[in-house]
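Following: one structure in structure tokens, then a few remarks.
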Amino acid sequence: MKSNASKRKTSTREVLAADVDLTPIMCLFIILVPLLLLSAVFERLAALQVHLPEASTIEETEKTKEGPTGIVELRLLLKEDGLELEGTLSHDPSGKEKEVYEDIRYDFPLQGDLYDLEGLQRALRDLKRQYPRHEEIVFLVDDKVSYDVIVQAMDACRQEFVVEDGEKRSLPLFPEIALSEAFSEEKGFEGLREGTRQIDQKLGIR
């Protein structure tokens, strides 16, 4: 007896390998990447240099605290029409206390459209040579003074650069800078000293 076996026909699918043309996409990226780089806005961060106090011995610390520095207060007025450096001297450069405190003032008007930062630094250099222990200066800024001018004035007050033996060195001037209230046309900068003047009057100093 002859058995009929069912024959299964296996259908084979032909897999066709298709080649994808990436040339148009690559051309698109070649065009887009330069455009994105040209139109990108990069953020710039600026930082002011800060001088930290160096470690010192107990003897050096006590020595720096001996008596006043000779300058009661040093102020830099940044105004729209120029710079003014003011201060009050309590001692002469030799260390002798003055019978009457002396007020000093230096005016640095605009030179065209530029602030006279070189003249300011010369005056600060002379004061530093006479009173080397004083390090503080107060900035009183008019609202119309730009941020760039303030930063340049800070750099001029912090240090000066000199060339000695072919090497560029930095010498500290008045690195401790504090910002105070803005200039007022009505009372000027006198409002900063009202509190101290009232105390002086109560103590009978003035």
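Can you list the helices (runs of 4 or more DSSP H) found entirely within the range 109-206 that contain at least 2 residues being within 17 Å of the chain's Cα centre (by Cα) and modelled with pLDDT of 80 or more? Give the steps one after another, and end with the answer.
Working: elements: 117-130, 147-158, 194-203.
Passing ranges, in order: 117-130, 147-158.
Can you name the condition, by its number, that residue 90 falls short on among (1) in a loop (DSSP other than H, G, I, E, B); (2) modelled with pLDDT of 90 or more; (3) hydroxyl-bearing (Ser, Thr, Tyr)? Unmet for residue 90, out of (1) in a loop (DSSP other than H, G, I, E, B); (2) modelled with pLDDT of 90 or more; (3) hydroxyl-bearing (Ser, Thr, Tyr): (1).
Okay, residues lined up against (1) surrounded by fewer than 10 Cβ atoms within 10 Å (Cβ to Cβ); (2) at pLDDT below 50:
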residue	(1), (2)
6	yes, yes
10	yes, yes
23	yes, no
39	yes, no
68	no, no
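Out of 87, 95, 112, one residue alone is of a type in the set (Gly, Ala, Ser) and either in contact with a helix residue (DSSP H, G or I) (Cβ under 8 Å, 6 or more places away or on another chain) or within 19 Å of residue 177 (Cα to Cα) (or both). It is 87.
The values are calculated or read from the model by the stated rules, or taken from the named source; none is laboratory data. Please read these numbers as outputs of a predicted model, since none were measured by experiment. As a convention, Cβ positions derive from the backbone with ideal geometry for all residues, glycine included, and neighbour counts pool all protein chains shown.
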